[in-house]
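Participant: The following block contains the structure, expressed as structure tokens.
Every read-out reported here was derived from the displayed coordinates using simple, explicitly stated rules and does not represent laboratory data. Quantities reported herein were computed from a predicted structural model and do not represent experimental measurements. Because the Cβ atoms are built from the backbone with ideal geometry, glycine has one as well, and the counts that use them run over all protein chains shown.
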Amino acid sequence: MADKKNKNIILTGDRPTGKLHLGHYVGSLRRRVELQNSGKFDEINILVADDQALTDNADNPQKIRDNMIEVALDYLSVGIDPDKTNICVQSQIPALHAMTFYYMNMVTTERLSRNPTIKNEIHLRGFDKAGSDGLPAGFFTYPVSQTADITAFKANCVPAGEDQEPMLEQAREIVRRFNMTYGEVLVEPKIMLPDSKAALRLPGIDGKEKMSKSLGNAIFLSDDAATLKKKVMSMYTDPAHLNIADPGHVEGNCVFTYLDAFSTDQDFEGTDYANLDEMKEHYRKGGLGDVKCKKLLIKVLNRILDPIRESRHEWEKKIPDVYDILKAGTAHAVAETNETLHEMQKVMRINYFDDDSVIKEWQDWIER
Ligand code: TRP
């Protein structure tokens with residue numbers, strides 16, 4: 001297992017709190033499929049983080065149960081291949097719980113309070129509001145549990161969006177502290193950010209926050225063509241661009257942000273433009289209407305979403321197979337993470353029942 005240190009291992013995950021959307025697609029899913037098919041990795045794991053989802057949904061486990069299958073279908077339909085990528089379910093992997101508990105001792109509440117992503121999420125969920133029930137300790141400490149997710153697989157690479165960087169920083173700190181205190185068992189993970197700027201933080205169709213189910217501004221991978229059309233047509237553009245002849249702004253204009261993220265030069269064949277830059281130029285000068293841009297965007301998005309919809313449709317007829325994929329992937333993860341846990345417990349001197357040499361040790365201790 002020590003040789004795992006020189007391997008290229010990926011671990012990523014998602015909370016099953018809703019269907020996955022285009023933000024997930026540009027930010028992570030698209031990349032995961034590329035990485036999976038690159039042949040450059042010794043092992044790729046995707047964790048459906050249902051325990052993490054419970055940290056702010058403790059009273060609604062059914063929501064997580066329902067979305068477990070939605071997220072699994074989303075993975076399979078974008079091209080995650082269970083023969084190449086191990087898909088597993090967090091709650092069914094006991095080693096993760098044990099590790100989380102040990103890591104709790106490797107971090108202070110003060111340090112956890114400084115995590116900017118958590119701060120923002122606490123605020124978004126209103127846990128800091130007067131009159132709220134307060135902040136669940138499980139939610140506050142989920143970065144510790146996420147460290148367990150990553151390190152249990154000895155992952156050195158975590159493809160994720162920039163909002164996950166504070167989580168990775170926290171993970172590295174815990175790893176260093178553990179390795180220094182007990183012995184070199186854990187691997188320091190690095191984030192692998194999306195390669196395109198536009199993919200870093202896809203805004204919602206309202207142009208405001210990042211795309212999210214709870215903000216109601218998402219285009220889901222499972223949206224049909226009619227729903228997609230409606231959403232794109234309602235998209236936020238440039239509020240100052242009142243008449244077609246007016247000069248328009250491309251920056252902060254959702255339609256162009258999306259075209260940046262999704263279009264290729266090929267999408268412009270048969271249009272008045274050779275590429276996106278030329279179209280932007282025309283929009284800036286004036287004389288190009290929003291509807292025309294939106295129609296192109298719909299075409300681009302359907303090019304991407306059509307095969308995903310088709311594949312999803314097929315998988316939806318094979319739910320028992322999806323169940324088996326999750327079950328087998330989880331069994332594999334259980335074995336693997338138990339190995340890491342045992343190594344940890346060994347250097348922590350709490351591996352009492354691994355071997356009975358401790359009997360002699362105790363006898364000597366008592367007779368000293
Ligand atoms: N926090 C991630 C999210 O909000 C989900 C997640 C859980 C994760 N465990 C992980 C991501 C480990 C990367 C690595 O979607």
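Participant: By DSSP, what percent of the beta bridges with both residues in the chain are antiparallel, rounded to the nearest 5?
Facilitator: Of those bridges, close to 10 percent are antiparallel.
Participant: Follow-up. For every helix of n ≥ 4 consecutive DSSP H residues, a contribution of -39,500 (n - 2.57) applies; sum these over the chain, divide by its total residues, and give [θ] at 222 nm rounded to the nearest 500 deg cm²/dmol.
Facilitator: For the chain, the value works out to -16000 deg cm²/dmol.
Participant: Let me ask something additional. When a/c is below 1.5 the answer is rounded, else prolate if a/b is larger than b/c, else oblate, so apply that to region 1-74 with a ≥ b ≥ c taken from the square roots of the Cα gyration tensor eigenvalues.
Facilitator: Because a/c hits 1.5 or more and a/b fails to exceed b/c, region 1-74 counts as oblate.
Participant: Oh, and also: Taking the alpha carbon gyration tensor of the chain, what are the square roots of 5 times its eigenvalues, largest first, to the nearest whole Å?
Facilitator: 44, 22, 19
Participant: Using amide H atoms built in the peptide plane, which far-off residues or other-chain residues are under 5 Å from G13 H to H?
Facilitator: L47
Participant: Students often get this wrong, so check it: of K208/K280; K19/K318; K7/K360; K7/K84; K19/K230, which have C-alpha atoms separated by over 26 Å?
Facilitator: As for pairs spanning more than 26 Å Cα to Cα, those are K7/K360.
Participant: If you don't mind, another one. Work out, step by step, the length gained on full extension between D66 and D128: first 0.36 nm times the residue separation, then minus their alpha carbon distance; give nm to one decimal.
Facilitator: Once the chain is fully extended between D66 and D128, it gains 19.5 nm.
Participant: Rank by packing, highest mean first: peptides 311-317, 103-109, with packing defined as the count of other Cβ atoms within 10 Å averaged across residues.
Facilitator: 103-109, 311-317
Participant: When only alpha-carbon atoms are used, what values of Rg and Dmax, in angstrom, describe region 225-314?
Facilitator: Radius of gyration, then largest Cα-Cα span, for region 225-314: 13.6, 46 Å.
Participant: Can you tell me the order of 323-329, 38-44, 217-223, 251-257 when each peptide is scored by its average per-residue count of other Cβ atoms within 10 angstrom, highest first?
Facilitator: The most tightly packed comes first, giving 217-223, 251-257, 323-329, 38-44.
Participant: To continue, here is another question. Would you mind ranking D364, D66 so that the residue whose beta carbon has the fewest other beta carbons within 10 Å leads the list?
Facilitator: With the sparsest Cβ surroundings first, the list reads D364, D66.
Participant: Treating each Cα of region 284-343 as an identical point scatterer and ignoring solvent, apply the Debye formula and state log10 I(q)/I(0) at q = 0.16, 0.26 Å⁻¹.
Facilitator: Taken in order of the listed q values, log10 I(q)/I(0) reads -0.73, -0.99.
Participant: Considering amide H positions built from the backbone, and no H for Pro or chain starts, which residues 5 or more places from I191, or on another chain, come under 5 Å of its amide H?
Facilitator: Excluding prolines and chain starts, which carry no amide H, the hits are V158.
Participant: Right, something else. How would you order 53-59, 155-161, 242-248, 351-357 from highest to lowest mean count of nearby Cβ atoms within 10 Å?
Facilitator: 155-161, 53-59, 242-248, 351-357
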